[in-house]
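Visitor: There's a structure below that I have some questions on.
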Amino acid sequence: MRGKKAIFNIIATLGLQLANIISGLIVPNLIIKQYGSDVNGLIVSVTQFLNYISLLDGGAGGVIKAALYAPLAQKNNKKVSSVLVAAKQFFHKIALVFCVYIAIFMLIYPRFVESVFSFWYIASLILIIGSTSVIRYVFGVTYQLLVQADQKAYVYDCIRIFSLLFHVLFTLILVRFHVSIQTIKLFSLIAFTMEPMILVIYVRKCYRILSDADPDKRAISQRWDGFGQHIAYFIHTNTDVVILTIFSTVSEISVYSVYSLIAAGLKNVIYALSNGFSAMLGDMIAKGERAQVRYTFEMLEWVNMLLTFDVFATASVMIMPFVRIYTRGVDDADYLRLGFALLILGAEMVYCLRFPMVVTANAAGHYRQTKKGAFWEAGINILISVCLVKSMGLLGVAIGTLAGMTYRTIDYIRYMEKNILCRKPWRFVKNFVVNLSGTGCGMLLLRFIPLPKAQGYFTWVCGAVVVFGIFSGVLVVFNLVFSAGEGRMVFKRLMGICTIK
């Protein structure tokens, strides 16, 4: 049953990432063309600054999920309820602090940012965008963690897909009527409010949560150990925009957001694979099935690396033709930045390579043991980005991100091999070299294969399919030739995964 739930979770997460990509491509494109790059850059900047309040949860989400694995496996409803009551109290406090933060931010940010917009124009956007997170903390996040820990992440993902589709639909309709950007964001708020409401209804129907249970404060006592992981992720997803807001312009932020959106979309597709196995690994660890944990990890690592190289190699070839089509008709900023595109793709690729290690370490509750490397990653990213942004602009922040990602990934490899997997790092290094060589061979092969010229989205998709097919074929051949044992083992395990109980 665990294997089937993992498959459901992977499919649902892939569906969610597809919806995110569609939403992320359509909505900013409409905003850029209807309202200009400055408005799009302003929205991205405001959103990222508002995300700083998420530092308050200190990585509690992962810690709470880890605390739920054991009582869910033991079907201890009282313990589950105690953890959820403590979590709900904690997140409600964050929501109150967030309200204060929004009020202060509305007063300070409009006077600080360099833009042509009025104080009330910016302040109203901050209020509307910030309200979405407040509603999430008050109503949805606790039950979201519950279904994810219970290997039912597909439930939340399906609800999220539903709200995203409404968000895109509202935006498409309202842009046609040339309404204000505040009106569009207000309707988006309504769409995203449906998400926690539906989740609450599902949980109340399918679980017996004791609302009067005594809160288990110990369930979130390790949140400071998870703080390092949270800091690292936050820096990865937010720092570049904040640095650009301080040292650059909102139009440059808009350029950054287009490439970052593409790279993040690819990253999330890869993440769907590892995240689908996270609750499954947590259940195995809770039951002490060490052999099964290593068995599943090695399969996940092999597939993750092959898929990561395949997806990002394709993206490195196809990203510039896509951006050229995506920004056609937009002349208020230079969106064609090949060097930046390759650097940001490289950073996200390195980040993806460590996904199996991250989900396994977190499922085992190893937050305290891995937090030091997380702080180093954040420090490297910020230091290099700040030093280089003035002289190199977007390239500078991308170099900082890549440096931080590389350090942290190497640190994870060392920790996992020594403390959880108890093996030499040669297996990871071998798989990396095999896939890197296969990618190089695929690049050479593409020089002799004419691709359809990307005049529009249809011809671009045709070209992307050809490129992806070439890299897929070459990488599979390389892995079967140079990692034949691992390849046969993985395919055998994939065929039997649905029988894992």
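Visitor: Using the structure shown, select from Lys78/Lys287; Lys79/Lys372; Lys79/Lys217; Lys152/Lys205 the pairs with a Cα to Cα distance greater than 21 angstrom.
Guide: Pairs exceeding the cut-off: Lys79/Lys372.
Visitor: Suppose a student asked you for the relative contact order of the chain, using Cα pairs under 8 Å spaced at least 6 residues apart; what percent would you report?
Guide: Relative contact order here is 22 percent.
Visitor: I've got another one for you. How much length would be gained if the chain were fully extended between Arg324 and Thr459, taking 0.36 nm per residue of separation minus their Cα-Cα distance, in nm to one decimal?
Guide: The Arg324-Thr459 span can extend by a further 47.3 nm.
Visitor: May I pose another question? Reported to two decimal places, what Rg/Rh ratio describes segment 1-221 when computed on Cα atoms with Rh from the Kirkwood expression?
Guide: We get a ratio of 1.01 for segment 1-221.
Visitor: May I pose another question? For Leu445, project a label point 7 Å along Cα to C-beta. Then give me every residue of segment 302-329 with its amide nitrogen under 14 Å of that point.
Guide: The answer is 310-311, 313-314.
Visitor: Can you pull the percent of Cα pairs in segment 419-485 with separation above 21 Å?
Guide: That tail contains 41 percent of the Cα-Cα pairs.
Visitor: Something else about it: Any chance you could run the full-extension gain for Ile201 through Ile7? It's 0.36 nm times the residue separation minus the Cα-Cα distance, nm to one decimal.
Guide: Full extension of this stretch gives 67.4 nm more.
Visitor: Over segment 328-461, what portion of Cα pair distances is larger than 21 Å, expressed as a whole percent?
Guide: It works out to 58 percent of all Cα pairs.
Visitor: Can you sort Ile43, Ile104, Ile209, Ile64 from fewest to most other Cβ atoms within 10 Å of each residue's own Cβ?
Guide: Ranking Ile43, Ile104, Ile209, Ile64 by Cβ neighbours within 10 Å, fewest first, gives Ile104, Ile209, Ile43, Ile64.
Visitor: While we're on this one: Taking each pair of different alpha-carbon atoms in segment 346-396 once, compute 1/r for the pair, average those values, and report the inverse of that mean as the Kirkwood hydrodynamic radius in Å to one decimal.
Guide: Taking every pair of different Cα atoms in segment 346-396, averaging 1/r and inverting gives 12.7 Å.
Visitor: Hey, another quick one. Distance between the C-alpha centers of segment 142-181 and segment 104-133? Whole Å please.
Guide: The distance from the Cα centre of segment 142-181 to that of segment 104-133 comes to 24 Å.
Visitor: What does the extension gain come out to for Leu336 and Ile246, with contour length at 0.36 nm per residue minus their alpha carbon separation?
Guide: 30.1 nm
Visitor: Can you give the three extents of the C-alpha atoms in the chain along their principal axes, from longest to shortest, in whole Å?
Guide: Principal extents (Cα only, largest first): 67, 60, 41 Å.
Visitor: While we're looking at this one, here's another question. Which value, in debye to the nearest 20, describes the size of the charge dipole of the chain about its Cα centre when Lys and Arg Cβ atoms bear +1, Asp and Glu Cβ atoms bear -1, and nothing else is charged?
Guide: Charge dipole, the chain, about its Cα centre: 1620 debye, nearest 20.
We did not get these values from a lab; they are worked out from the coordinates using the rules stated. Keep in mind the model is a prediction, meaning the values are calculated, not measured. In this analysis, Cβ positions are derived from the backbone assuming ideal geometry, glycine residues included, and neighbour counts consider all displayed protein chains.
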